[in-house]
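As structure tokens, the structure follows; a few thoughts come after it.
The values are calculated or read from the model by the stated rules, or taken from the named source; none is laboratory data. Since this is a predicted model, take the numbers as computed values, not measurements. Every residue, glycine as well, gets a Cβ built from its backbone with ideal geometry; the counts of neighbours run over all protein chains shown.
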Amino acid sequence: MNTYDIARIASPIGAELRERWWDLMPEDLARKHRPWVKRIGGGLITFLSGTTSKSMNVVLNLGVSETAKKSMIDEVFELAATARAQRFSFHVSPSAQSSRIEKWLIEKNFRLHNYYRIHFRDTTGSVKIETDLTVKKINKEHAIAFGRIVCENFGWPAGRVPWIAATVGQRGFHHYMAFAEEVPVATGLLYVKDDCGYLAFGATMSRYRRRGGQGALIAARIKKARQLGLRFVTADTFAPMPGRPAVSYRNFSRTGFEDAYQQPVFVWEK
């Protein structure tokens with residue numbers, strides 16, 4: 001399987017997860033931020049009105065599933081203007097069009113910001129990770145705790161906790177937590193689409209790190225994906241850089257993931 005083949009599996013599932021998550025935004029949060037979600041050329045655009053967040057104002061998957069056109073970049077800018085987005089990011093996945101898309105972005109004064117690494121593996125074989133924490137699949141009883149740990153570790157405002165919690169129990173979403181005795185201390189999500197699973201929302205409270213929690217959560221989700229009959233699992237992390245810890249990257253490497261490809265992230269600022 002070549003890079004383009006992997007991207008055609010990995011990139012759309014990440015976009016679909018995001019689209020479904022945004023559909024679950026609580027009404028009070030939606031009234032405050034006025035979310036914008038739109039599909040263009042197989043790509044997904046999400047904006048929160050008036051924000052500068054690169055993690056919320058995002059374009060994904062353009063040109064991977066369908067043919068992209070230069071005019072679609074203009075459509076993105078039209079939506080950004082409507083949403084009053086002061087800054088947004090554009091993730092370019094490998095495709096026959098990726099070089100052309102990068103050229104269009106540079107012409108529109110985007111700058112290369114950083115890279116993500118996309119991890120990919122099949123679901124065969126078991127993964128053993130030593131930990132003194134207990135990993136469990138959770139239900140709505142622990143939804144708020146799940147959202148709180150994610151927000152605290154991602155540096156997101158507490159107002160997003162109910163939004164993340166709203167995903168618990170939804171079709172295709174499988175949430176896991178690691179516990180120190182009865183205390184929830186780490187999180188991980190498996191999202192399912194067709195024969196692939198996407199691993200997201202991996203977070204650990206700082207005082208409980210280096211105890212194998214995230215590795216065990218990854219292993220549990222691979223096992224669940226295999227039980228569900230999925231063929232592959234995928235995830236993304238920041239690319240390792242000097243001075244930036246690469247803990248998440250190492251966790252996926254030691255649980256059998258291939259470093260499948262690099263995804264450049266371009267940013268536009270007003």
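List of remarks:
- Residues that are among the basic types (Lys, Arg), at pLDDT below 95 and touching a strand residue (DSSP E or B) at 6+ places or on another chain (Cβ under 8 Å), drawn from the range 22-55: Arg34, Lys54
- Failed criterion for Tyr249 (all others in (1) buried (at least 23 other Cβ atoms within 10 Å of the Cβ); (2) in contact with a Phe, Trp or Tyr (Cβ under 8 Å, 6 or more places away or on another chain); (3) touching a residue at least 60 places away in the same chain (Cβ under 8 Å); (4) not in a strand (DSSP E or B) hold): (1)
- Among residues of the range 137-171, those that are in contact with a Phe, Trp or Tyr (Cβ under 6 Å, 6 or more places away or on another chain), in a loop (DSSP other than H, G, I, E, B) and either surrounded by fewer than 20 Cβ atoms within 10 Å (Cβ to Cβ) or among the charged types (D, E, K, R) (or both), counted: 0
- Remark: Pro157 matches the filter, which requires a residue to be at pLDDT below 95 and not hydroxyl-bearing (Ser, Thr, Tyr).
- Candidates are the residues of the range 194-218 that are more than 18 Å from the chain's Cα centre (by Cα) and hydrophobic (A, V, I, L, M, F, W, C); the one that is farthest from Arg8 (Cα to Cα) is Met205.
- The lone exception for Asp132 - which of (1) surrounded by fewer than 14 Cβ atoms within 10 Å (Cβ to Cβ); (2) within 28 Å of Thr3 (Cα to Cα); (3) not polar (S, T, N, Q) it fails: (2)
- Only strands (runs of 3 or more DSSP E) whose full extent lies in the range 56-130 are considered here, and the ones with at least 1 residues that are at pLDDT 95 or above and of a type in the set (Val, Ile, Thr) are 58-60, 111-122.
- Exactly one residue out of Glu27, Glu16 is surrounded by 16 or more Cβ atoms within 10 Å (Cβ to Cβ) and closer than 30 Å to Gly159 by Cβ: that is Glu16.
- Residues of the range 224-235 satisfying the condition of being under 20 Å from the mean Cα position of the chain (by Cα) and surrounded by fewer than 21 Cβ atoms within 10 Å (Cβ to Cβ): Lys224, Leu230, Arg231, Phe232
- One residue from Lys103, Lys54, Lys38 being surrounded by fewer than 21 Cβ atoms within 10 Å (Cβ to Cβ) and in contact with a helix residue (DSSP H, G or I) (Cβ under 7 Å, 6 or more places away or on another chain): Lys38
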